[in-house]
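Every read-out reported here was derived from the displayed coordinates using simple, explicitly stated rules and does not represent laboratory data. What you see is a predicted model, and the numbers here were worked out from it, not measured in a lab. FYI the Cβ positions are ideal-geometry reconstructions off the backbone, even for glycines, and counts take in every protein chain you see.
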Amino acid sequence: MERIKMTTPLVEMDGDEMTRILWADIKKILLEPYIQLETLYFDLGLPERERTKDQVTVDAAEATKKYGVAVKCATITPNAQRVEEYQLSQMWKSPNGTIRAILDGTVFRAPIMVKGISPVVKNWKRPITIARHAFGDVYKSTEYKVPGPGKAELVFTPAEGEAVRQTIYDFRGPGVLQGQFNTVASISSFARSCFQFALDSRQDLWFATKDTISKQYDHTFKDIFQEIYDTEYAARFQEAGIEYFYTLIDDAVARVIRSEGGFIWACKNYDGDVMSDMVSTAFGSLAMMTSVLVSPDGNYEYEAAHGTVTRHYYKYLKGEETSTNPIATIFAWTGALRKRGELDGIPALEEFSGKLEAACLAVIEGGSMTKDLAGLWEGEVPAVTLNSRQFLEAIRDELEKRL
């Protein structure tokens, strides 16, 4: 077949470790033979972030604002051990956090369901999409390790007027402090992104915080969501036959476990981080989770929800065989290519994305899969475990039948 032509480049953000290896193989085996791939390439691998003092991450985010659609490989967020391993000048911040802050977007994560792998929660019949606020809170917090006795205060100095002070705690000994923040503008963008995504996907929207305890911080989230819903979206939700529902985060957890799925669960930044891992693992595997960052300006950044698969990378460096699941990374590419085709009026690109996704699922449902899925397999045919490259080649062979 003639390769599909693109008219606008994707912003491509390369990453680290085993996912970086899979990234190159996915392009070579599943994409470049069929698409004249046009990308604006940014290397977000840790050595390049160190070399550029993390400017490359900022540049990639700004390029996404310009071109509208990006696809990102998993990246390392360094800790103290990584600083030593990579000889870093400092502990660079999460690339995802930097990109989210610049795009001011909301992350929507949903499991990829396949026949033969049942969710741990047996009554879950449909995917649960986690909508994670992508700004502020603990990810942009200021911390202080208290050395000994003293008074901790929360101080706000307005642009005009006198400072406002509140006592946080009178320390009698050592401890720790953390200051968090968010903005009405970002919370409002979060709410509108969630409401619009619910309308686009025709799914109910749940939102949960802990406003009974956090009577200012969390309650502000609740109030903004309710005001925007009442004034901008209530009639549209009613017309679409979908519901907006608010509850406390602990009640939401209980309701989610008892549900059949098929809704969007909007969470604050940290809650969304934790709950997306819980939901994806309960549905099967972290490697079977889509993730897309959607900004209020209509920009999209697709990625896998999992990390860089460090343990497999160390095996790869030793020349040992790995069986690493590439599905979430493939679906990041297909999501970005589908959106690029939609925006640019290239239906062939949208059709190719759908066929590649269908090929991925067909291979697994036919009994061929990576090691992580083989341990979960409940299908009628015996599971055959393939190594990383064999699995990609099996997907390619299935894709060829569908093109």
Q) What GluC sites (Glu not before Pro) in segment 321-358 are in a loop by DSSP, with at most 15 other Cβ atoms within 10 Å of the Cβ? A) 321
(Q) Spelling out what I want: for every residue of segment 82-93, take phi, set θ = phi - 60°, compute 6.51 cos²θ - 1.76 cosθ + 1.60 (Karplus), and round to whole Hz; glycine and proline get x. (A) 5, 4, 6, 4, 9, 6, 7, 7, 7, 8, 4, 6
Q. So which GluC sites (Glu not before Pro) in segment 190-263 end up in coil per DSSP with only 12 or fewer other C-beta atoms within 10 Å?
A. 260
Q) Using θ = phi - 60° and the Karplus form 6.51 cos²θ - 1.76 cosθ + 1.60, what ³J(HN,Hα) does each residue of segment 282-290 get, whole Hz, x for Gly and Pro? A) 5, 7, x, 7, 4, 7, 10, 9, 7
Q: Classify segment 1-119 as rounded, prolate or oblate, taking a ≥ b ≥ c as the square roots of the eigenvalues of its Cα gyration tensor: rounded when a/c is under 1.5, otherwise prolate if a/b is larger than b/c and oblate if not.
A: prolate
Q: At q = 0.14 Å⁻¹, what is the base-10 log of I(q)/I(0) for segment 57-109 according to the Debye formula with one equal point scatterer per Cα and no solvent? Please give it to two decimals.
A: -0.44
Q) In terms of Cα to Cα distance under 20 Å, which aspartates and glutamates are near enough to residue 145, apart from those fewer than 8 places away along the same chain? A) 137, 153, 170
Q. When the scattering of the chain is computed by the Debye formula from its Cα atoms alone, each counted once and equally, what is log10 I(q)/I(0) at q = 0.14 Å⁻¹?
A. -1.38
Q: Can you check how the C-alpha radius of gyration of segment 189-335 compares to 2.2 N^0.38 Å, as a plain ratio?
A: 1.22
Q) Using alpha carbons only, what's the Rg to Rh ratio of segment 127-242 with Rh from Kirkwood? A) 1.10
**Q.** Placed amide H near residue 266: partners under 5 Å, 5+ positions off or other chain
**A.** 131, 206, 207, 208
Q: Could you please report the charge total around residue 398, scoring K, R as +1 and D, E as -1 over all other residues with beta-carbon less than 13 angstrom from its beta-carbon?
A: -1
Q: Enumerate the calculated ³J(HN,Hα) couplings along segment 206-215 in order (Karplus 6.51 cos²θ - 1.76 cosθ + 1.60, θ = phi - 60°), each rounded to whole Hz, writing x wherever the residue is Gly or Pro.
A: 10, 9, 9, 9, 10, 6, 5, 9, 8, 7
Q: Show the residues, 5+ positions off or on another chain, whose built amide H is closer than 5 Å to the amide H of residue 323.
A: 388
Q: Would you mind classifying segment 270-315 by shape? Square roots of the alpha carbon gyration tensor eigenvalues, ordered a ≥ b ≥ c; an a/c under 1.5 is rounded, otherwise it is prolate if a/b is larger than b/c and oblate if not.
A: oblate
Q. With contacts defined as alpha carbon pairs under 8 Å and 6 or more residues apart, what's the relative contact order of the chain in percent?
A. 21 percent
Q: Quick one: which residues, 5+ away or cross-chain, put their amide H under 5 Å from the amide H of residue 368? H built at 1.01 Å from N.
A: 384
Q: Arrange the peptides 146-158, 130-142 so that the one whose residues have, on average, the most other Cβ atoms within 10 Å appears first.
A: 130-142, 146-158
Q. Can you list the lysines whose alpha carbon is less than 18 Å from that of residue 66, not counting same-chain residues fewer than 8 positions off?
A. 339
Q. At 20 °C and 1.002 mPa s, what whole-number value in µm²/s does Stokes-Einstein give for the translational diffusion of segment 284-369, with Rh from the Kirkwood sum over Cα pairs?
A. 148 µm²/s
Q | Gaussian network model of the chain, Cα within-10 Å springs - most flexible of 13, 275, 289 | A | 275
Q: Give, as a single signed number, the net charge of other residues whose beta carbon lies under 12 Å from the beta carbon of residue 114, with Lys and Arg counted +1 and Asp and Glu -1.
A: -2
